[in-house]
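Written out below as structure tokens is the structure these notes cover.
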2 protein chains.
Amino acid sequence: MDRRIIKPSTLKGFRDYLPSAMIAREKLIDTARQVYRSYGFSPIDTPALEFSEILLGKGGEESDRQIFRFIDQGDRDVAMRFDLTVPLARFAAQHYHEIGMPFKRYHIGSVWRGENTSRGRYREFMQCDFDTIGTTSNAADIETLLVIHDLFDRLGFSKFTIRVNNRLVLNGLLEKLGLADKASGVLRSLDKLPKIGRDKVIAEMVERVGATAEQAGEVLSLAELKGEPAAILAKLETQLAGSDVGLTGVARLTELFKTVAQAGANTERVELDLSIARGLDYYTGTIYETFLGDLPGIGSVCSGGRYDNLAELFTTQKLPGVGASLGLDRLLAAMEELGMVEAASTPAKVLIAYFDANHLGDYHRVARELRAAGIASEVYPEAVSIGEQLKYASRKGFKIGVIAGDREFAAGHWQVKNLITREQATVGTTELVEHLSAMISSTQS
Amino acid sequence: MDRRIIKPSTLKGFRDYLPSAMIAREKLIDTARQVYRSYGFSPIDTPALEFSEILLGKGGEESDRQIFRFIDQGDRDVAMRFDLTVPLARFAAQHYHEIGMPFKRYHIGSVWRGENTSRGRYREFMQCDFDTIGTTSNAADIETLLVIHDLFDRLGFSKFTIRVNNRLVLNGLLEKLGLADKASGVLRSLDKLPKIGRDKVIAEMVERVGATAEQAGEVLSLAELKGEPAAILAKLETQLAGSDVGLTGVARLTELFKTVAQAGANTERVELDLSIARGLDYYTGTIYETFLGDLPGIGSVCSGGRYDNLAELFTTQKLPGVGASLGLDRLLAAMEELGMVEAASTPAKVLIAYFDANHLGDYHRVARELRAAGIASEVYPEAVSIGEQLKYASRKGFKIGVIAGDREFAAGHWQVKNLITREQATVGTTELVEHLSAMISSTQS
């Protein structure tokens, strides 16, 4: 045949999710959703495509170049969303009266950026954000931290640290030092602390930003304060006396650490880190970063903060808020590296062999009984050799194979094969569901 | 200030999902996923963007015109997926050896079509497909029907009908009648039966397709056979004697009805309908359509069938399969019309009032205890008046408000307000979780 075959391939920077990767991703997303929902955050969704003018100019020139933008069939200038924050701003402005304030939402969805893939970046990835908008109350900042805390706890991480800061503290210090007009330069340098170290940060503040060595030293001394949050915050209260901005930051952090402890969260997981600034313009209050104790090198896996005005480009209504974003891809890679991801490529636990064509209805009947008991079960679709069926089961990651033919049906029992230990047992039909439930519980950690 | 405000709006044919709609959509998708997974279907995902040559020419000229297609930053000719079937074909061809056959997958994702919105169509919508590929076994066809059955059962529909047919039966009849060369015309007319009625279908078959009135009458007589599947199939076996194709169709349907009954499915929900053909070229065997007993007029809410070769454009490997697609948007609209959708715009049940700023930690502690007991709970973020907080709670659809200040903490109890009945009770702190659990169980149907 002379038919042309189109080579099946994906675009550079795009990828397929095969079952094992997708099962892990779905599980992670499910846990995030459950935690967000348990706190009363509601789901929303927005279109993949927006008018270009909605999305352009929101993240600077480099971001604009990365946007997938085109003219559609109706001659509209359209673009694919590159994050979930600009769509939230547009959404909140558009539906302001319908949704009411305060408004708590989570949004889990794909975004697209034509990034340089040589840096290991993908051009399509999923974001997983939650935000509380329409309130300046510190209670929302505190809740944001509790959400992050409970989320990582529920994901099964025993060791993680949420680093918290407040931009107002940094602003207060810069005000006290007479560096308020050089704030962006100072913070840009400070942000480099983990990468280039103390001395180079000071040198940069002096040479490029125009601070004195003494001023730079004071900024670094504050940024590097470590220890009990309460003790540091008491010290800051003295140091920042006279700066309303600085003292507001101190008071908000003080309430945050106190309340988080009262709420029963593990305070060892929450650290005051005065060195984090997270960029220059967007965040205006509390800032969060989350690091994994066993893999600190991969960077923050959940970051966010408080902002003063989400949607100023779309409405005159002022919309302050606070929120954070879970780094799904980074976190999945970490969980894989830490052995926290099961390598199955099927969500089912039990494979029922298709041994005898006359019993297909029986196999399906038992499969439905198992499902009703919460045990995902598959009937193999072809009456091929048992060896071939069990090979399929092992390759896919089924835990148990069950087999019955005329002889077993006559005797009222099943052959049950543990596909991990290779042990086999004969189990009476009436005990089958209970027996398999027990086996599955014992193979789960 | 003279700043320009960008009007917040969505593109024609695109829409935002607000919380109440999104909560209903997530619930529906969750149920579908749970049922698919319980049968051993695995999730996959593919990119929103593909090379245009992968997607073009798969659904005819009209489909091609509807595709969102453009040249990306790297001068690639790219397009947004318009369904999940072509991506599955590309995926299966590309990962053939890695995924292994038979392969069962579900795929839930957005697709984009620049359709005429005047027909009430959206240009972005979600598909929810499941397929078994790499096998011609009738067991896969039977399982597909059981999945549809269990899915609608789990969604809470008491009345629904899955109509089943097999194209081989129709092909066998056309062969017997000497109409094999006119098959596509005959079936195109037959597909119009529910819309234009028997007489007009016959007239069309005679005038346009070139069948005799007698031939057309025989096709209609078969298509309109109603009754016990076993009786009809026995009759067909005689009628189609001599046509291997037709008898294979009869045998597969016979095994299907027998096995579905043995498997314990409700056979009143499964009907043999020899009039459904579902288009002309794609399906080659079993065909499924699903109708809601209380809303038959909205059409099929879950349709599918068996096909001979999924991925012939991408591989010389033959990939037969069978599957179906859940019509999410149509089904959601139906569930709303039938009062099956709860109109809450929060996933949380309990609002804990922020009554006294000194007790914020206590409110969060209790909220975390409730969450640990499976009760989604929100602490209101601002210490405004209780009236304002309860108004917020009622508007969002919370079921219960709980309130405590200094006096209640001293006395060791909470004020619990049922936001539906407006009843209020005083509940001891130690009984709070249990009391709220009981209240929530009793408000759920």
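This table checks each residue for (1) in a strand (DSSP E or B); (2) out of contact with any helix residue (DSSP H, G or I) (no Cβ under 6 Å at 6 or more places or on another chain).
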{"residue": "B:Phe125", "(1), (2)": "yes, no"}
{"residue": "B:Phe130", "(1), (2)": "yes, no"}
{"residue": "B:Thr136", "(1), (2)": "no, yes"}
{"residue": "B:Gly156", "(1), (2)": "no, yes"}
{"residue": "B:Leu173", "(1), (2)": "no, no"}
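Checking each residue of region A:241-263 against the condition of being of a type in the set (Ser, Thr, Tyr) and more than 14 Å from chain B (Cβ to nearest Cβ) gives at least one match. Against the criterion of being charged (D, E, K, R), assigned to a helix (DSSP H, G or I) and in the same structural domain as A:Cys128 (by TED's automatic domain parsing), A:Arg37 qualifies.
Only one of the listed residues (A:Arg330, A:Arg306, A:Arg371) is facing chain B (nearest Cβ under 8 Å) and out of contact with any His (no Cβ under 9 Å at 6 or more places or on another chain). That residue is A:Arg371.
Looking only at region B:7-31, filter to residues that are among the hydroxyl-bearing types (Ser, Thr, Tyr) and facing another protein chain (nearest Cβ under 7 Å); which one of those is surrounded by the fewest Cβ atoms within 10 Å (Cβ to Cβ)? Per the stated criteria, the residue is B:Ser9. The residues of region A:59-78 that are part of a loop (DSSP other than H, G, I, E, B) and either within 16 Å of A:Met126 (Cβ to Cβ) or facing chain B (nearest Cβ under 10 Å) (or both), listed by number, are A:Ile67, A:Phe68, A:Asp72, A:Gln73, A:Gly74, A:Arg76. Taking the listed residues B:Thr426, B:Thr430, the one that is exposed (fewer than 11 other Cβ atoms within 10 Å of the Cβ), in a helix (DSSP H, G or I) and more than 34 Å from the chain's Cα centre (by Cα) is B:Thr430, with no other qualifying.
Annotation for region A:404-418: at least one member residue is in a loop (DSSP other than H, G, I, E, B), over 21 Å from B:Glu255 (Cα atoms) and over 42 Å from the mean Cα position of the chain (by Cα). From the list A:Arg81, A:Arg113, A:Arg123, the one residue that fits, being under 30 Å from B:Gly114 (Cα atoms), at the interface with chain B (Cβ under 9 Å from one of its Cβ atoms) and either crowded, with 19+ Cβ neighbours inside 10 Å or without any contact (Cβ under 8 Å) to a residue 60 or more places away in the chain (or both), is A:Arg123.
For region B:385-403: of the residues being of a type outside the set (D, E, K, R) and at the interface with chain A (Cβ under 9 Å from one of its Cβ atoms), which is surrounded by the fewest Cβ atoms within 10 Å (Cβ to Cβ)? Result: B:Tyr392. Quick check on A:Phe91: is it outside the structural domain of A:Val35 (by TED's automatic domain parsing), closer than 25 Å to B:Ser9 by Cβ and not β-branched (Val, Ile, Thr)? No, not satisfied. For B:Gln34, the conditions (1) within 7 Å of chain A (Cβ to nearest Cβ); (2) closer than 30 Å to A:Glu369 by Cβ all hold with the exception of (1). Identify the residue in region A:264-284 that is touching a strand residue (DSSP E or B) at 6+ places or on another chain (Cβ under 7 Å) and either within 14 Å of chain B (Cβ to nearest Cβ) or not in a loop (DSSP other than H, G, I, E, B) (or both) and, among all such residues, is nearest to A:Arg198 (Cα to Cα). Taking the candidates together, the pick is A:Leu272. Looking at A:Arg65, is it touching a residue at least 12 places away in the same chain (Cβ under 8 Å) and surrounded by fewer than 18 Cβ atoms within 10 Å (Cβ to Cβ)? Yes, satisfied. Scanning region A:404-423 for residues that are exposed (fewer than 12 other Cβ atoms within 10 Å of the Cβ) and within 19 Å of B:Ala263 (Cα to Cα) yields A:Asp406, A:Ala410, A:Gly412. One residue stands out among those in region B:341-354 that are among the hydrophobic types (A, V, I, L, M, F, W, C) and crowded, with 22+ Cβ neighbours inside 10 Å: the one that is farthest from B:Thr443 (Cα to Cα), which is B:Ala353.
A:Thr421 passes every criterion in (1) part of a loop (DSSP other than H, G, I, E, B); (2) within 14 Å of chain B (Cβ to nearest Cβ); (3) polar (S, T, N, Q) apart from (2).
Let's see how each residue does on (1) more than 25 Å from A:Ile196 (Cβ to Cβ); (2) more than 14 Å from chain B (Cβ to nearest Cβ); (3) β-branched (Val, Ile, Thr):
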{"position": "A:Thr286", "(1), (2), (3)": "yes, no, yes"}
{"position": "A:Glu289", "(1), (2), (3)": "no, yes, no"}
{"position": "A:Leu292", "(1), (2), (3)": "no, yes, no"}
{"position": "A:Leu313", "(1), (2), (3)": "yes, no, no"}
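Annotation note: Cβ proximity below 7 Å between a residue of region B:419-430 that is closer than 17 Å to B:Ile386 by Cβ and a residue that is of a type in the set (D, E, K, R) (sequence gap 6+ or interchain) occurs for B:Leu419/B:Lys399; B:Gln424/B:Lys417.
For first residues located in region B:39-57 and farther than 12 Å from B:Gly109 by Cβ and facing another protein chain (nearest Cβ under 7 Å), partners that are among the acidic types (Asp, Glu) and assigned to a strand (DSSP E or B) and lie 6+ apart or on another chain with Cβ distances below 9 Å form the pairs B:Tyr39/A:Glu378; B:Gly40/A:Glu378; B:Leu49/A:Glu124; B:Phe51/B:Asp77; B:Glu53/B:Asp77. For region B:87-94, the condition of being within 7 Å of another protein chain (Cβ to nearest Cβ) and closer than 21 Å to A:Leu351 by Cβ holds for none of the residues.
Right, B:Gly60: without any contact (Cβ under 8 Å) to a residue 24 or more places away in the chain and under 16 Å from A:Thr10 (Cα atoms) or not? Against the criterion (without any contact (Cβ under 8 Å) to a residue 24 or more places away in the chain and under 16 Å from A:Thr10 (Cα atoms)), B:Gly60 does not qualify.
Please verify whether region B:149-160 includes one or more residues that are within 19 Å of B:Val260 (Cα to Cα), crowded, with 17+ Cβ neighbours inside 10 Å and within 11 Å of chain A (Cβ to nearest Cβ). Within region B:149-160, one or more residues are within 19 Å of B:Val260 (Cα to Cα), crowded, with 17+ Cβ neighbours inside 10 Å and within 11 Å of chain A (Cβ to nearest Cβ).
The residues on offer are B:Leu179, B:Leu220, B:Leu151, and the sole one that is touching a Ser or Thr at 6+ places or on another chain (Cβ under 9 Å) and not assigned by TED's automatic domain parsing to the domain that holds B:Glu336 is B:Leu220. Inspect all residues belonging to region A:214-232 and state whether any of them is at pLDDT 90 or above, farther than 30 Å from A:Ile29 by Cβ, among the acidic types (Asp, Glu) and outside any loop (DSSP other than H, G, I, E, B). Checked against the condition, which is being at pLDDT 90 or above, farther than 30 Å from A:Ile29 by Cβ, among the acidic types (Asp, Glu) and outside any loop (DSSP other than H, G, I, E, B), region A:214-232 yields at least one hit.
Taken over region B:143-188, the criterion of being under 28 Å from B:Leu328 (Cα atoms) and polar (S, T, N, Q) is satisfied by B:Thr144, B:Ser158, B:Thr161, B:Asn165, B:Asn166.
The values are calculated or read from the model by the stated rules, or taken from the named source; none is laboratory data. What you are looking at is a predicted structure, and each value in this text was computed from that prediction instead of being measured. Every residue, glycine among them, receives a Cβ derived from its backbone with ideal geometry; neighbour counts consider all protein chains shown.
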